[in-house]
Amino acid sequence: MPHTVPNIDAVRHENARGGADTKTVAGVLVGVLEQIVVKHIFGLIGDSLNPLADAVRRSDIEWIGVRHQEGAPLAAAGQARLTVISIGTAQ
């Protein structure tokens, strides 16, 4: 069976309708995070996380930016102790 490449215009059109992009690894990951009711992700935006940040932007998850990579897990741990909401970190 030959490998087929998806039509990028169709993918962009589907993504423009809103919601997480399930055609990328980042989109699938964000979809799973939404299913387990993650509401916040603490992280430092960088080139390697741009696809994840873009998928989060189209979801109901809130990205909370930090200024240093060690700040994300500390902020997430503090938030987790104060609430019962699921939290993720990205570095």
Discussion item. Restricting to the range 43-63, give me the number of residues that are at pLDDT 90 or above and either aliphatic (A, V, I, L, M) or under 21 Å from A80 (Cα atoms) (or both).
Written reply: 9
Discussion item. So, in the range 65-79, how many residues would count as being within 13 Å of V38 (Cα to Cα) and in contact with a helix residue (DSSP H, G or I) (Cβ under 7 Å, 6 or more places away or on another chain)?
Written reply: 0
Practice prompt. Kindly provide the set of residues from the range 38-66 that are within 18 Å of V28 (Cα to Cα), in contact (Cβ under 8 Å) with a residue 40 or more places away in the chain and surrounded by 16 or more Cβ atoms within 10 Å (Cβ to Cβ), ordered by number.
Written response: V38, H40, I41, L49, R58, S59
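The values are calculated or read from the model by the stated rules, or taken from the named source; none is laboratory data. All of these numbers come straight from a predicted model, not from anything done at the bench. A quick note on method: Cβ atoms are made from the backbone with ideal geometry, for glycine too, and the neighbour counts reach across all protein chains shown.
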